[in-house]
Ligand code: MLT
């Protein structure tokens, strides 16, 4: 008899963004005359920048010629891209990252989901609450959590680090001992950040407890304030305790092209049950060689092109465009009387839903009355209840229209 991985049965409903997509499709089918504005999933809307398009064309030309055609590439990524990442994303911050500490991949969702494979099922995980659902769901699938408690809306064996307006969205260090700590800053979904001092506390905790930090820096390009770390490796000693994930998705509009990377420093160790040190860089490399055949050559050439002077200029223009949308949303919501957070160093705006609504009720209200799609805070965890997320990734025109519609609701 074929049996299943029963951990999957512990998962709640469907994946958050699929649930939303289904609801929106149903609404659109029932209301074909309504123009729905989508500020839900954080997907970019501007086309790829010209230099990326040029790189794709050139790389395609190479693939069409016998002399320059490429088959399988290195599983960890081509050196031409890894070198650019090391110089531009790290050396410029005063951080030394070797190219063989960089693993190019097809997305941070996959990397943050897959990384759990190299860690024991017995580790205790800590996640911020609310959180990007992938961190929790993949740990449920792996059997690292216990059962779900419908009353608390929490899983056993998971340490939830509340991040709400009450603590200024700064998670407290866990009172109990945890092993795998997921941190995402600038944060998805709250759009808030941690300063150097706060991040240092986590690095110190991880060192003291022989824990590991899984640091998702997918939104780093949106940071504008001084003193906010762009990389966890800006904190002294972080290379001994942290893996960092970065993505080209939001930085360079690659959500459809797919390219990201993960840094696993060689200093980073974890342990066998008997306490023997194991090098995680080698373990992950072994995993990738077995299960992954690398990112397409054309995509990696496209990613490389953003590290030219012209490439940086072009992607910065797009980032600024989204940042202006974030500002419009912040100001527009404030004008309509909402309490808002985030949206300064991140493309996400986190708002308090009006009294009397749950997050999902507010989702329905906004969809039905203003034809705007957002993401209910409770979809990101129990502490997200009472909040709602909007993204800055729509077009300027739609963002302006969405704010007008919300203001007119009042
Ligand atoms: C989000 O909306 O939270 C993100 O787009 C999801 C993702 O990057 O996978």
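Laid out as a table, the results:
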read-out: Check on residue 342, in contact with a strand residue (DSSP E or B) (Cβ under 7 Å, 6 or more places away or on another chain), buried (at least 21 other Cβ atoms within 10 Å of the Cβ) and touching a residue at least 60 places away in the same chain (Cβ under 8 Å); value: yes
read-out: Pair list, Cβ under 7 Å, 6 or more apart: the stretch 365-380 residue more than 27 Å from residue 137 (Cα to Cα) and more than 16 Å from the ligand (Cβ to nearest atom), other residue modelled with pLDDT under 95 and in a helix (DSSP H, G or I); value: 369/409; 370/409
read-out: Checking residue 147 against (1) more than 15 Å from residue 180 (Cα to Cα); (2) surrounded by 17 or more Cβ atoms within 10 Å (Cβ to Cβ); (3) touching a residue at least 40 places away in the same chain (Cβ under 8 Å), the condition it does not meet; value: (2)
read-out: Residue within the stretch 253-267 that is more than 22 Å from the chain's Cα centre (by Cα) and surrounded by fewer than 21 Cβ atoms within 10 Å (Cβ to Cβ) present; value: yes
read-out: Given (1) touching a strand residue (DSSP E or B) at 6+ places or on another chain (Cβ under 9 Å); (2) under 21 Å from residue 287 (Cβ atoms), index of the condition residue 99 fails; value: (1)
read-out: Selection from the stretch 115-126 of residues that are surrounded by fewer than 20 Cβ atoms within 10 Å (Cβ to Cβ) and closer than 15 Å to residue 244 by Cβ; value: none
read-out: Residue check for residue 205: closer than 25 Å to residue 272 by Cβ, part of a helix (DSSP H, G or I) and touching a residue at least 24 places away in the same chain (Cβ under 8 Å); value: yes
read-out: Criterion violated by residue 273 - all others in (1) more than 15 Å from residue 112 (Cα to Cα); (2) touching a residue at least 60 places away in the same chain (Cβ under 8 Å); (3) more than 16 Å from the ligand (Cβ to nearest atom); (4) surrounded by 14 or more Cβ atoms within 10 Å (Cβ to Cβ) satisfied; value: (4)
read-out: Verdict on residue 84 being outside the structural domain of residue 180 (by TED's automatic domain parsing) and surrounded by 13 or more Cβ atoms within 10 Å (Cβ to Cβ); value: no
read-out: Answer residue from the stretch 31-63, given it is over 21 Å from residue 259 (Cβ atoms) and away from the ligand (no atom under 16 Å from the Cβ) and is surrounded by the fewest Cβ atoms within 10 Å (Cβ to Cβ) among those; value: 33
read-out: Candidate set: the stretch 213-227, residues that are in a loop (DSSP other than H, G, I, E, B) and in contact (Cβ under 8 Å) with a residue 24 or more places away in the chain; chosen: the one farthest from the ligand (Cβ to nearest atom); value: 227
read-out: Every pair of residues 6+ apart whose Cβ atoms lie under 6 Å, when the first sits in the stretch 30-50 and is more than 15 Å from residue 391 (Cα to Cα) while the second is within 15 Å of the ligand (Cβ to nearest atom); value: 48/253
read-out: Criterion violated by residue 140 - all others in (1) buried (at least 19 other Cβ atoms within 10 Å of the Cβ); (2) outside any helix (DSSP H, G or I); (3) away from the ligand (no atom under 16 Å from the Cβ) satisfied; value: (2)
read-out: Some residue of the stretch 318-334 being surrounded by fewer than 24 Cβ atoms within 10 Å (Cβ to Cβ) and not in a helix (DSSP H, G or I); value: no
read-out: Residue match in the stretch 11-24 (condition: outside the structural domain of residue 191 (by TED's automatic domain parsing), away from the ligand (no atom under 16 Å from the Cβ), assigned to a helix (DSSP H, G or I) and out of contact with any strand residue (DSSP E or B) (no Cβ under 7 Å at 6 or more places or on another chain)); value: no
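The values are calculated or read from the model by the stated rules, or taken from the named source; none is laboratory data. No experiment lies behind these values; they were computed from the predicted model shown. A quick note on method: Cβ atoms are made from the backbone with ideal geometry, for glycine too, and the neighbour counts reach across all protein chains shown.
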